[in-house]
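Please read the structure below before turning to the comments.
The values are calculated or read from the model by the stated rules, or taken from the named source; none is laboratory data. Note that the structure is a prediction, hence the values are computed from the model and not measured. Here the Cβ positions follow ideal geometry from the backbone for every residue, glycine too, while neighbour counts run over all protein chains shown. Side chains are part of the model used for accessible areas, which takes the heavy atoms of the whole protein and leaves out ligands, DNA and RNA. Shrake-Rupley method; radii C 1.70, N 1.55, O 1.52, S 1.80 Å.
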Amino acid sequence: MALTFDDGPDPLWTPRVLEALDAAGARATFFVIVPRARRAAGLLREMLARGDEVAFLCSEHARHTETSRERVVRDTAEGLAGLRDLGVEPALWRPPWGALAPWTREVAEGFGLALCLWSADTHDWRGDPARRMLLEVAPALRPGAVVLMHDGLGPGARRSGCRQTVELVAPLVARIRAAGCEPAPAGEIAAKGRLR
C-alpha cells in the first residue's frame, strides 16, 4: 500500500511526518507544490535520502477542471523544471484535488508522467482526530491501495495544522502491516503493476 502526502513540503509539519514515518519504519510518496519545495530543498533531500519518493503536484494549486489546458501545461513545465533544479525527476503526477480535465491524461503522457490518484482518503484536511480517520479509511486498506494525506495546508483546509495526520501515521502503518502489506512509495507499487 502507498502512503501519499500532498500540499507540502511544510517547514513545520513535513519534518514531523518524516519523524513519524521513521519511527514506524515506513516510506511514502510526497506530491509537492514546487514553490514550497524550492523553499524547503533540504526536506526534499531528506525525503530522497530516506527512500521516500518525491512526485509532482503543481506549481499553482488550481483544479484542471477550472483552468485552461495551456495554463496547466505551462504550470507543469515550470514545475518540472523547478524540481529538476532541485535534483528531482518525478515519475508521478497527482493533479490538485484529483480533478481530471478531459485532457489531463494526455498532458501527463506528454510530460512522461503517470497519473496517481488515491483509493483511500483520510480527509485529514478537515482536522478530524487520527482515530476517526483510521476507522474511516480502514475498509479501503487492501493490497495496492493508495492512501491520501497532507503534510501541508492547502487551499480549502479546515484545520490549522497537521498534528492529527502525524498522529495517524503509526496506527495506519500498523493496520497496513496487520493486513499483510508493507507501506511503500507509490512508484514502486506502480512498477509492479499493483497500484489500485
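Work through the residues other than G152 whose Cβ is under 9 Å from its Cβ and net out their charges, Lys, Arg +1 and Asp, Glu -1. Don't jump to the answer; show the numbers that get you there.
Numbers: positive: R36; negative: D6, D7, D10, D151.
Local charge sum for G152: -3.
Can you give me the three principal axis dimensions of segment 61-155 from its C-alpha atoms, in Å, biggest first?
If we take the Cα atoms of segment 61-155, the spans are 40, 30, 25 Å.
If you take the alpha carbon radius of gyration of segment 22-97 and divide it by 2.2 N^0.38 Å, what ratio comes out, to two decimals?
1.14
Tell me the carbon and sulfur percent of the accessible area for the chain, rounded to whole percent, probe radius 1.4 Å.
Values: 4320 of 8750 Å².
Roughly 49 percent of what the probe reaches on the chain is carbon or sulfur.
Would you mind getting the Kirkwood hydrodynamic radius of the chain from its Cα pairs, rounded to one decimal in Å?
Over the chain, the inverse of the mean reciprocal pair distance is 16.5 Å.
With every protein chain present, what is the per residue accessible area of the chain (1.4 Å probe, Å²)? Mind dumping the intermediate values first?
Working: 8750 Å² over 196 residues.
Per-residue value: 45 Å².
Across segment 108-191, what fraction of all alpha-carbon pairs, as a whole percent, falls in each successive 5 Å bin from zero upward?
Binned Cα distances yield the sequence 3, 13, 24, 22, 17, 12, 6, 2, 0.
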